Each structure stands twice: as structure tokens, then as C-alpha cells.
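A.B. asks: One structure follows; several queries about it will come next.
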Amino acid sequence: MNIDAEIKNIKLTIQPQVVASLLNLNDGSSASFEQLSNLIKADQNMSTTILKAANSSFYSRGNQVASLQHAIAMLGFRVVRSLAMAANSRSLFETGKYSRFQRYVWKHSTATSVICKELARKMGRADLEEEAFVAGLLHDIGKVVMNAIDRRKFISVIDMVVEENISFPVAEERVFGVSHMTVGMKAAKEWKLPELYEKIFNQHENFTGDLVEDNMLLYIVSYGNYLAKKYGYGHYSSQDDIDGAKLEEKLKLGQENLVYFKENFKSAIEDDEFFKFVNRLI
């Protein structure tokens with residue numbers, strides 16, 4: 001399979017250039033705020049989602065928000081960008097309208113996004129919270145692309161994963177001759193997403209090197225991916241615990257945070273208002 005040609009030729013309801021524009025916005029300027037507003041205004045789906053979020057029980061402060069400008073001002077740049085990404089991703093994930101895709105890809109991705117955001121918060125990295133959410137939401141984009149390229153084949157991948165208890169990369173290599181990590185990286189290149197996302201898409205199940213500043217998001221997403229699987233959102237096997245232990249060592253979470261995430265946070269995911277809101281998008 002010529003995966004580069006397949007990625008160029010697939011027809012997706014999502015507009016990759018919009019995703020790239022959202023991810024490349026820098027929240028440090030009024031120009032970026034205006035660009036964000038213009039991107040959202042140009043897409044009815046994103047505009048509706050932002051207004052729904054602003055008036056939801058999770059974000060609302062008791063006053064009805066009727067305008068997009070008011071919603072952006074109230075929610076803040078990073079939250080609005082995350083919600084815009086979630087809204088824009090909805091149509092992409094809708095290519096998999098079958099129960100196993102919903103469980104092993106969409107719900108796994110949304111759970112990972114919530115976990116990643118909380119990981120960043122607990123680590124004292126408020127500057128990474130929304131980036132961690134978006135990266136967690138998109139980390140398995142390669143699976144979505146593979147499903148769009150050949151849904152029948154990807155259904156057989158999920159069946160193989162579940163019935164033979166093997167990992168997604170192993171099953172994907174058997175069926176497609178390539179893993180979702182490679183496909184995700186190539187899609188990020190084709191769509192001109194920030195280089196950081198190429199690394200996250202390609203290495204979230206194959207993390208290497210020492211923990212340095214520009215690897216921080218990768219390790220947060222990798223650990224969020226592991227925890228989501230362990231919590232039952234996605235395919236988990238005991239082999240994943242080996243990777244989980246390596247990541248705990250790299251992230252230096254501390255015993256209190258380890259107990260919080262490994263024992264206490266699972267029950268909070270389904271009750272998380274943001275998780276419920278995002279899952280109602282599809």
C-alpha cells in the first residue's frame with residue numbers, strides 16, 4: 001500500500017487546513033484571538049459547539065451567552081481552541097459509526113484527552129493543559145485515517161485486536177502493512193500540522209529518550225494513552241504496564257499523584273462534565 005498516496009486521496013469531512021490553522025495559533029497576541037474568532041465564525045459546527053459549551057452546566061456562570069465574542073471572552077483562548085478542535089474532530093471520528101470503533105478509538109481518544117489535561121494540571125503545568133487535551137484527543141488520528149482509507153480492513157484490525165488479544169500496531173501491520181503511528185505521522189506532515197504533533201502521533205506507543213522540555217507533552221500523552229486503556233477505554237493488556245512503569249519514572253509524578261491517577265481518577269472520568277460534553281458531540 002502506498003500510504004502517502006492514500007492519505008493525499010482520502011476524502012474526509014474534516015478540513016485538515018482548519019486543524020493546522022487552529023494548532024498553529026499562538027495565544028500571545030490579539031491577532032491570534034481575531035484569527036481564532038474568524039476560523040470559528042466560518043464554521044457553523046464550531047460556532048454552535050462553542051456557544052453550547054459556554055451555556056453548558058460545565059462553563060456557564062448563570063448568564064446566557066448569545067454571541068461568539070462573549071463566549072470566547074468568557075472561556076478564554078485555550079479552552080475555545082480546544083473546543084473548536086473537538087468540534088472539528090467530530091466529523092472526522094464520525095467516519096467510524098460502529099460500536100467497536102466508538103469504544104476503541106473515539107471513547108479512548110476522549111478519555112485520553114481528559115486524563116492528559118488533568119495530568120498537566122497535577123504536574124503544575126497549567127501552560128500545557130489545553131495542549132495536552134488536544135494532543136490526547138488527536139493522538140490516534142492514524143487509526144481514523146486508516147478507517148477512512150479502508151473501513152472493512154480496519155474493522156478486521158479491531159476484531160483481531162479484541163479476539164486475539166494483540167496490540168493495534170501488530171494487527172495493523174498484518175492487515176495494512178503499516179501502523180497507525182506511521183500513518184498519523186505521515187498525515188501530520190501532509191496536513192502541515194506543527195512538528196510536535198508528528199512526534200506525538202508517531203511515538204506515543206514508542207517513546208524514547210530522556211524527559212526534556214520538548215518531550216514533556218509526548219510523555220504526558222503516552223501516559224494518558226496508557227491510563228485510558230487501563231481504565232477500559234481502549235484495548236489493554238498486561239504488557240502495557242511495562243510501558244506505564246517507564247513513563248511513571250520519566251514523569252516523576254510522585255506517590256500521591258500516582259495513587260490519584262491509578263486508583264482514584266478512573267471513577268472521575270465518566271462524571272467529568274467536559275468528558276460528557278465532548279462525547280455528546282458524536
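Just so you know, all these numbers are worked out from the coordinates, no wet-lab data involved. Model, not experiment: these values are computed from the prediction. Counting neighbours? That spans all protein chains shown, and the Cβs are built from the backbone with ideal geometry, glycine included.
A.B. asks: With respect to the cross-link table entries K52/K122; K246/K266; K97/K252; K52/K117; K8/K230; K41/K229, which display a Cα-Cα separation exceeding 31 Å?
C.D. replies: K97/K252; K8/K230; K41/K229
A.B. asks: Reachable aspartates and glutamates from K199, Cα under 15 Å, same-chain residues fewer than 8 places away excluded?
C.D. replies: Output for K199: E131, D140, E190, D210, E213, D214.
A.B. asks: Under unit Cβ charges (Lys, Arg +1; Asp, Glu -1), what dipole magnitude, rounded to 20 debye, does the range 105-169 have relative to its Cα centre?
C.D. replies: Using only the charged Cβ atoms, the result is roughly 80 debye.
A.B. asks: Find the eigenvalues of the gyration tensor of the Cα atoms of the range 180-264, then list the square roots of 5 times those eigenvalues as equivalent ellipsoid semi-axes, largest first, in whole angstrom.
C.D. replies: 24, 15, 10
A.B. asks: Also: As I understand it, the dipole of the chain uses +1 on the Cβ of Lys and Arg and -1 on the Cβ of Asp and Glu, about the Cα centre. Which of A5, N24, N55 lies farthest toward its positive end?
C.D. replies: N55
A.B. asks: Still on this structure: Using all C-alpha to C-alpha distances in the range 106-230, build P(r) with 5 Å bins and read off the rounded percent in each one.
C.D. replies: With 5 Å bins starting at 0, P(r) equals 2, 12, 21, 23, 21, 12, 6, 3, 0.
A.B. asks: Magnitude of the Cβ-charge dipole of the chain, K/R +1 and D/E -1, about the Cα centre, nearest 20 debye?
C.D. replies: 860 debye
A.B. asks: Another question about this same structure. Principal axis extents for the range 3-279, Cα atoms only, whole Å, descending order, please.
C.D. replies: Computed over the Cα atoms, the extents are 51, 48, 34 Å.
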